[in-house]
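Shown next, in C-alpha cells, is the structure this report addresses.
The values are calculated or read from the model by the stated rules, or taken from the named source; none is laboratory data. None of these values were measured; they are calculated from a predicted model. Positions of Cβ are generated from backbone atoms using ideal geometry, with glycine treated the same way; all protein chains shown enter the neighbour counts. We work out accessible area using only protein heavy atoms, side chains counted, and drop any ligands, DNA or RNA first. Shrake-Rupley method; radii C 1.70, N 1.55, O 1.52, S 1.80 Å.
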Amino acid sequence: MNFPMRTVNGHPLPENPESEKNARKAGSVLFLPLALVLFSFLFPAERGSFAGELQRARDMEKRGELDQAARLADVALKLAMAGGDPNEVLSAVLLIHDLLRAENKSEEALENLYQALEMARMRGLHKMQGVILGRIGEFFFDQGELGEALSHYNRGLEALRGNQWLEEEVQVLNGRAMTLALQGSWEPAMVDLSAALDYFDRNMIENPILLSVTHNYFGLILNRFNDPESARAHFEKALRIAEQCGDDDLLARYTNNLAGTYKNEGKHEEAERLFRQALEIGERAGSKKQLFVAHLYLGDLAAATGRFASCYSHYDSASGLNETLGNRQAQAILLLKRGRALLSEDRLEEARRDMESAQAIAEGIGNRDALDPIYKSLADLYGRMGEEKKALAVHEKLRRLKETIFDPKISTAIQKIQAKYEKGILAKTMEHQRSTWFKLLIGLGGLAFLALLAAVVFWLNRIRLKRRTAGWMQRKEAQIRQQKRQIEILQDKIEEYFGEKSQAKYKGSTLSEKDSQFYLKCLDDLMANAELYLDNDLTLGKLAGQMKIHPKTLSRLINEKTGNNFNEYVNRFRMAEAKRLLEDGSKAVMSILEISFDSGFNSKSTFNTLFKKEFGCSPSEYRRCHAVEVDPP
C-alpha cells in the first residue's frame, strides 16, 4: 500500500423460461464492469530494504554518534517511503524524532511529529496516530507541560484502544502514568501501570523488553514518591528480564536506576557498587548515555563523601561522553553539579563560572526542570559572594518560573508549531471529510445510475421477451387450430374408409397391406399438413388416439414401413423444420433454444446432439454457414 504524505523531516512522503434468465444476465454483464470501474476510481489501489539501515542508525545512536545516526535514519526514511509500509515509515519517523531530541532541536522534533500525525489522520492510520500522539505527549512531558502531555496521551489511547494494538497502548499507558504521578494523581498512575502489567499477566502481550520497561516506570514513580523498597522490587524485576534478554543497554539503565534508590536513601556504598557495575555493563554495551549517567552519579557520591578529586574526575569523564552525545540539557545538569561541588570547597569564582554556564544553557533550551535547581544554587552563590542584586534577580526568575514557563520565546515557538498543525489538521480533516462525502455522493449517484440503467436493460429485455412470447403463442394457437382441423379431416377419412368396422378390428392385430398403406398415407398427411411433430408433448399413444388405431399397431406400422421407431420418425420432421429455421435469415433473432422448442424438441441438449449427428456440426455453426436473408413479403 502506498500513501501520500506532505513531508516528514523535509521529505515528501509517498503518496451473478431461459430467455428471462438471459435478460437478467445481460443486465448484469453491463452493470458489473461499470461498477468495478467506478469502484476503482473512488478507491484506487494503494501502491527496498529498510531494516538494516534502521538498525545501523539505532546502533549509532546508542554509541552517541548522532550525526551519523541521523544520516542513516534519513536513508531509512527514504527506503520506508519507497516501500510504502506505514509501520516502517513510523519507525523511521520516531527514530528521527529521537535524534532531534537528543540534539536539543525541540521545535524540529515537534514539527516532525505533527507532520507525521497529519498524514496518519488523513489516511485513517489509527495505530500511527496513537503512537505519534503518545510521542507528542512525551515531548510535552519533557517540556514540563503536563496538561498538554496528558491531553495527548489521552488522545493516543483513544486512537489505540479497541484495535488490539496492546503493545503500543502499554507504551502510552506508561507515559501517562508518569504524567499523572508528577501531577500528584498517584492512584490513577498506579491504575495505568497495573493495567499495563495486567496485559502481561493475562499473556495478552509477549514482549519481555516492554515488560521490563513497564517495571522500570513503576520503579521510577515509586522512587520519586519515596518508596525505595517497592521501587527496588520493580527495578530488580526489570534487571532480571533485561539480563535474560541479553540487552546490556537496558541492563545498564536499570542498574543505574536501582543504584539511584540506594543513593536517595544515603546508602552510598551500595549505590557506588551498582553505579560501577553499570559502568562495566555500559562499556560492554557501548552505551555512552548510560556511561554518562553512571559517571554523573558517581561524581555526586564522591562529592557527598568529600572525595572531590574523584568527583571532578567522574564529572570530566561525563563531560567527555556528553561531547559526543551533544545533549545540552545533560550538559547544564553536569555544570550545575560541578558548580555545587566547587561551592562546597568555597571555590566561588569557579562555581560561578559553571553555574552561570548551566543557566545560559538551560535558559537557551527552556528546560524548567533544570532551571529550578540552577536558580536556587545561583541565589545561594550570589548571597555568599555578597552580590545581593543578582541574588534578588535570580529569586525573581525563580518566582516567575514557578508561575509559568520561564522563556516565552521558546514556549511561543512550540505553541505556534502546535497551533499551526492542530488548526491545519482540523481544516484538512474537515476538507477530507467533505471530499469523502462528495466522493460518496458521486459513488451513490453512479451506482444509482448503473442500477437504473441495468433496470432499463432488464425491462427492455422483458418487453422484447413478452413480445416474442406473444408472437410464439399466436403461432402456437394457429398451429393448434390447424392441427385440429387436419385431425378432424383425417378422422372423417378413417371413418369413411372403415365404416362400421371402426378401428376396433385392428386392436392388437396385424393390418392388411391395403390398410397399412392407408394408415401410412394418413400418418404422412398428419405430419405434412397438421405438423403434429411440432407438438413438444407428442407421444405414440397421443398420435395413435388421433388416428383411431392401437399404439402397438401404429408402432409396428412405423417400424415396418419406414424402418424407424416412433421417435426417429418424428425427429426426422423436426430436424427438417429446424434446418429450415436456421437457414431463414429472418429468423436470426431467434436463439438456438427457441428454434429447438419451435421445432418440437423438449431439450436443447437432445436437439444439439441429434443435429450434430445429422449434419456433422452444431446448430450455431450451421446457421453461420447456411443462413440466407429472406425479403419480407
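Taken over segment 110-168, the criterion of being in a helix (DSSP H, G or I), at pLDDT below 80 and more than 18 Å from Leu94 (Cβ to Cβ) is satisfied by Met122, Leu146. Of the residues Ala528, Ala578, the single one that is at pLDDT below 85, small (Gly, Ala, Ser) and closer than 18 Å to Lys476 by Cα is Ala528. One residue alone among Glu363, Glu356, Glu350 is part of a helix (DSSP H, G or I) and more than 58 Å from the chain's Cα centre (by Cα), and that residue is Glu350. Can you confirm whether segment 443-456 contains a residue that is part of a helix (DSSP H, G or I), at pLDDT below 70 and loosely packed, with under 15 Cβ neighbours inside 10 Å? No, segment 443-456 contains no residue that is part of a helix (DSSP H, G or I), at pLDDT below 70 and loosely packed, with under 15 Cβ neighbours inside 10 Å.
Mind checking which residues of segment 547-567 are farther than 10 Å from Leu523 by Cβ and either of a type in the set (Lys, Arg) or open to solvent by 30 Å² or more (accessible area, probe 1.4 Å) (or both)?
Filtering segment 547-567 down to residues farther than 10 Å from Leu523 by Cβ leaves 548, 550-553, 555-556, 559-560, 563-567.
Hits for segment 547-567 are Lys548, His550, Pro551, Lys552, Ser555, Arg556, Asn559, Glu560, Gly563, Asn564, Asn565, Asn567.
Please work out if Glu243 is within 24 Å of Arg284 (Cβ to Cβ) and among the charged types (D, E, K, R). Yes; evaluated as a whole, the condition is true for this residue. Of all residues in segment 498-515 being part of a helix (DSSP H, G or I) and at pLDDT 75 or above, which is surrounded by the fewest Cβ atoms within 10 Å (Cβ to Cβ)? In this case the residue turns out to be Glu513. From the list Glu350, Glu356, Glu363, Glu323, pick out the single residue that is over 22 Å from Thr261 (Cα atoms), in contact with a Phe, Trp or Tyr (Cβ under 9 Å, 6 or more places away or on another chain) and surrounded by fewer than 21 Cβ atoms within 10 Å (Cβ to Cβ). Exactly one of Glu350, Glu356, Glu363, Glu323 is over 22 Å from Thr261 (Cα atoms), in contact with a Phe, Trp or Tyr (Cβ under 9 Å, 6 or more places away or on another chain) and surrounded by fewer than 21 Cβ atoms within 10 Å (Cβ to Cβ), namely Glu363.
When segment 541-565 is examined, which residues are found to be farther than 14 Å from Tyr519 by Cβ and touching a helix residue (DSSP H, G or I) at 6+ places or on another chain (Cβ under 7 Å)? Don't jump to the end; show me each part of the working.
Pass one, segment 541-565, residues farther than 14 Å from Tyr519 by Cβ: 541-542, 563-565.
Answer for segment 541-565, where residues must be farther than 14 Å from Tyr519 by Cβ and touching a helix residue (DSSP H, G or I) at 6+ places or on another chain (Cβ under 7 Å): Gly541, Asn564, Asn565.
Restricting attention to segment 586-608 and to residues that are part of a helix (DSSP H, G or I) and β-branched (Val, Ile, Thr), the residue that is nearest to Arg475 (Cα to Cα) turns out to be Ile595.
Summed over segment 372-412, the residues that are at pLDDT 85 or above and of a type in the set (Phe, Trp, Tyr) give a count of 2.
Being open to solvent by less than 50 Å² (accessible area, probe 1.4 Å), part of a helix (DSSP H, G or I) and more than 30 Å from Ala69 (Cα to Cα) is a property that Leu343 has. How about segment 287-320: which of its residues are in a helix (DSSP H, G or I), within 16 Å of Arg273 (Cα to Cα) and open to solvent by 50 Å² or more (accessible area, probe 1.4 Å)? Passing the criteria: Tyr297, Ala304. In segment 326-339, of all residues being assigned to a helix (DSSP H, G or I) and of a type in the set (Gly, Ala, Ser), the one that is surrounded by the fewest Cβ atoms within 10 Å (Cβ to Cβ) corresponds to Ala330.
Does Arg284 satisfy the criteria of being out of contact with any Lys or Arg (no Cβ under 9 Å at 6 or more places or on another chain), surrounded by fewer than 20 Cβ atoms within 10 Å (Cβ to Cβ), more than 23 Å from Ala189 (Cβ to Cβ) and at pLDDT below 90? Show your work before the answer.
Numbers: out of contact with any Lys or Arg (no Cβ under 9 Å at 6 or more places or on another chain): yes; surrounded by fewer than 20 Cβ atoms within 10 Å (Cβ to Cβ): yes; more than 23 Å from Ala189 (Cβ to Cβ): yes; at pLDDT below 90: yes.
Judged against the criteria, Arg284 is a match.
Of all residues in segment 236-280, those satisfying the criterion of being among the polar types (S, T, N, Q) and either buried (at least 17 other Cβ atoms within 10 Å of the Cβ) or under 37 Å from the mean Cα position of the chain (by Cα) (or both) are Gln244, Thr255, Asn256, Asn257, Thr261, Gln277.
Identify the residue in segment 76-126 that is among the acidic types (Asp, Glu) and over 19 Å from Ala57 (Cβ atoms) and, among all such residues, is least open to solvent (accessible area, probe 1.4 Å). So, considering only residues that are among the acidic types (Asp, Glu) and over 19 Å from Ala57 (Cβ atoms), the one least open to solvent (accessible area, probe 1.4 Å) is Glu118. For Glu206, the test of being charged (D, E, K, R), closer than 26 Å to Ala92 by Cα, part of a helix (DSSP H, G or I) and open to solvent by 10 Å² or more (accessible area, probe 1.4 Å) is failed.
I'd like to check something: does segment 585-597 contain any residue that is at pLDDT below 85 and among the charged types (D, E, K, R)? Yes: segment 585-597 contains one or more residues that are at pLDDT below 85 and among the charged types (D, E, K, R). Out of curiosity, is Phe601 open to solvent by 40 Å² or more (accessible area, probe 1.4 Å) and at pLDDT 85 or above? Spelling it out, it is not the case that Phe601 is open to solvent by 40 Å² or more (accessible area, probe 1.4 Å) and at pLDDT 85 or above.
Can you tell which of Leu335, Leu298 is modelled with pLDDT of 90 or more and in contact with a His (Cβ under 7 Å, 6 or more places away or on another chain)?
On the way: Leu335 fails: in contact with a His (Cβ under 7 Å, 6 or more places away or on another chain).
Testing whether each residue is modelled with pLDDT of 90 or more and in contact with a His (Cβ under 7 Å, 6 or more places away or on another chain) leaves just Leu298.
Restricting attention to segment 176-203 and to residues that are of a type in the set (S, T, N, Q) and outside any helix (DSSP H, G or I), the residue that is surrounded by the most Cβ atoms within 10 Å (Cβ to Cβ) turns out to be Ser185.
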